[in-house]
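Scroll down for the structure; my scribbles are underneath it.
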Amino acid sequence: MIKISDLNLNIKGHQILSNVNMTLQEGNIYGLVGNNGSGKTMLMKCICGFVKTTSGKIVVDNEVIGKDIDYIKNTGIIIETPGFIMYYSGLKNLKILAEISGKTNVTKIKETMKECGLDPDLKLPVKKYSLGMRQRLGIAQAIMEDQSILILDEPMNGLDKEGIATVRMLLLKMKAEGRLVILASHNREDIDILCDEVFFVEKGQVKGLSLQEMPRPIY
């Protein structure tokens, strides 16, 4: 579970997030919607521990981010553009990342790549991947260690219709397995199909909405 209490973020005199309160439970997909610059990405970075909050508290499985732990544990993350070593293949990139924690193996990495619609035996360097292939590789790195929490900022970017369907099925499967997913998307259909609860972010303030209350368009 993730519990956010009275979170505020002020950077150089600018209020980025204001009095945010959220409770997020396992087995659910939560959507974040709002305009560009509304604070969605900064909220995700705060939950991950990448940005230190000005005040308030973020508790993940009874551990306080920034106090008990510096960064969120056992979490798959896509925030902004995934970074890879461009002259290595997709498989080699994932193998290098996997060595950091030692929580997965080559067999699992290859299975995950296939689930995401990638050929693990493709020798093509990542620099020659299409935008959609790089996005699929980013999703693969976010799920290859069976992480219990996923934090995904616009994970459908660059994906074609088939890729979007593949990722949606993966996320629904992970929800069924009891994982907690936080998803930011400008796509109304993604939100409608995937999310159990939606939060609208506007000028750093976060408000829970029903699907019927969401603004049209949602970006």
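The set of residues from segment 8-22 being exposed (fewer than 13 other Cβ atoms within 10 Å of the Cβ) and either modelled with pLDDT under 95 or in contact with a helix residue (DSSP H, G or I) (Cβ under 8 Å, 6 or more places away or on another chain) (or both) comprises 11, 12, 13, 14.
Do you know which residues across segment 1-28 are assigned to a loop (DSSP other than H, G, I, E, B) and of a type in the set (S, T, N, Q)? Listed by number, the residues that qualify are 25, 28.
What residue, of 104, 75, is farther than 24 Å from residue 25 by Cβ and among the polar types (S, T, N, Q)?
Working: 75 fails: farther than 24 Å from residue 25 by Cβ.
It is 104.
Total residues in segment 144-169 satisfying the condition of being in a helix (DSSP H, G or I), surrounded by fewer than 20 Cβ atoms within 10 Å (Cβ to Cβ) and not small (Gly, Ala, Ser): the figure is 6.
Among residues of segment 18-42 that are closer than 19 Å to residue 190 by Cβ, those with a Cβ under 6 angstrom from a residue that is exposed (fewer than 15 other Cβ atoms within 10 Å of the Cβ) and of a type in the set (D, E, K, R), sequence gap 6+ or separate chain, pair up as 28/196; 29/196; 34/202; 38/202. Residue 187 fulfils the conditions (1) within 16 Å of residue 75 (Cα to Cα); (2) open to solvent by 40 Å² or more (accessible area, probe 1.4 Å) except for a single criterion, (1).
Is it true that residue 58 is under 22 Å from residue 154 (Cβ atoms) and either free of Cβ contacts under 8 Å to residues at least 60 places away in the same chain or surrounded by fewer than 14 Cβ atoms within 10 Å (Cβ to Cβ) (or both)? Talk me through it step by step, then tell me what you get.
Details: under 22 Å from residue 154 (Cβ atoms): yes; either free of Cβ contacts under 8 Å to residues at least 60 places away in the same chain or surrounded by fewer than 14 Cβ atoms within 10 Å (Cβ to Cβ) (or both): yes.
For residue 58, the condition - under 22 Å from residue 154 (Cβ atoms) and either free of Cβ contacts under 8 Å to residues at least 60 places away in the same chain or surrounded by fewer than 14 Cβ atoms within 10 Å (Cβ to Cβ) (or both) - is met.
The single condition among (1) open to solvent by less than 60 Å² (accessible area, probe 1.4 Å); (2) touching a strand residue (DSSP E or B) at 6+ places or on another chain (Cβ under 7 Å); (3) under 27 Å from residue 36 (Cβ atoms); (4) not aromatic (Phe, Trp, Tyr) that residue 86 does not satisfy is (1). With respect to the conditions (1) in a strand (DSSP E or B); (2) open to solvent by 30 Å² or more (accessible area, probe 1.4 Å), residue 31 lacks only one, and its number is (2).
So, residue 172, is that one under 17 Å from the mean Cα position of the chain (by Cα), of a type outside the set (Lys, Arg) and open to solvent by 20 Å² or more (accessible area, probe 1.4 Å) or not? Before the answer, list the steps.
Values: under 17 Å from the mean Cα position of the chain (by Cα): yes; of a type outside the set (Lys, Arg): yes; open to solvent by 20 Å² or more (accessible area, probe 1.4 Å): yes.
So residue 172 passes the test.
In this entry, residue 64 passes the filter for residues that are in a strand (DSSP E or B), among the hydrophobic types (A, V, I, L, M, F, W, C) and without any contact (Cβ under 8 Å) to a residue 24 or more places away in the chain. Scanning segment 36-55 for residues that are among the basic types (Lys, Arg) and open to solvent by less than 40 Å² (accessible area, probe 1.4 Å) turns up just one, 40. For residue 113, the conditions (1) touching a Ser or Thr at 6+ places or on another chain (Cβ under 9 Å); (2) more than 20 Å from residue 80 (Cβ to Cβ); (3) crowded, with 21+ Cβ neighbours inside 10 Å are fulfilled apart from (1).
The values are calculated or read from the model by the stated rules, or taken from the named source; none is laboratory data. Quick caveat, the model's predicted, so the values are computed rather than measured. FYI the Cβ positions are ideal-geometry reconstructions off the backbone, even for glycines, and counts take in every protein chain you see. Keep in mind that these areas ignore ligands, DNA and RNA; they rest on the heavy atoms of the full protein, side chains included. Shrake-Rupley method; radii C 1.70, N 1.55, O 1.52, S 1.80 Å.
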